[in-house]
Amino acid sequence: MLSRLASLSALVVICACGGGSEPAPVEPVPAPGPAAASEQAPAVAQPAGDNPDEAALLAAADDYTRKHAAAGLQFTLKIQAQEGDVARLVVEPRKQNADAALLFMKREAGGWKGLDLGTGIDCSDLADQGVPASLCSSLR
């Protein structure tokens, strides 16, 4: 009876451990390549040309967008309109199924700061921050 119990115990251990001596197959994981690098690609902004203020605006807009948009979002920035110290830009995601967003920036103390970023901006909320009605009139 004891040897039968020992045999039964050994069978339970073998079944519980998988019974085979070969390891389970492992799915290969591709090494990072160009596709992985493109996920971290910087935003593409419209060329600033010889205008250093435009370059500063685009750099600040890129920084603001990266901090306030979805992590890892790949996008292109385009200056849509500018009046005085306020600019309206379009943030166009590179992903086909994503909506473009508006970005309002304001120049203060020699630099540009973000006011609002989104797809449903109500410009009346930005009037108290100095956004001229003329920058919002084309959105209606």
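Here are some notes:
- Per-residue 3J(HN,Hα) values for the stretch 127-135, derived from phi via the Karplus relation 6.51 cos²θ - 1.76 cosθ + 1.60 with θ = phi - 60°, read 4, 6, 9, x, 7, x, 4, 5, 6 Hz in sequence order (x marks Gly and Pro).
- Surrounding net charge for HIS68, when Lys and Arg each add one and Asp and Glu each subtract one, Cβ distance under 13 Å: 0
- For a straight C-alpha distance cut-off of 27 angstrom, the lysines reachable from LYS95 (same-chain residues fewer than eight places away being disregarded) are LYS67, LYS78, LYS113.
- Close amide H contacts of ASP116 (hydrogens built in the peptide plane, cut-off under 5 Å, sequence separation of 5 or more or a different chain): PHE104.
- Accessible area (Å², per residue) of the stretch 62-127, counting only protein heavy atoms and a probe of 1.4 Å: 55 Å²
- Accessible surface comparison of THR65, THR119, THR76, probe 1.4 Å, protein chains only, largest first: the order is THR119, THR76, THR65.
The values are calculated or read from the model by the stated rules, or taken from the named source; none is laboratory data. Predicted model, so just to flag it, every value in this text is computed and none were measured. Heads up, the Cβs are rebuilt from the backbone with ideal geometry, glycines too, and the neighbour counts pull from every protein chain shown. Surface areas here come from the heavy atoms of the whole protein model, side chains and all, with no ligands, DNA or RNA. Shrake-Rupley method; radii C 1.70, N 1.55, O 1.52, S 1.80 Å.
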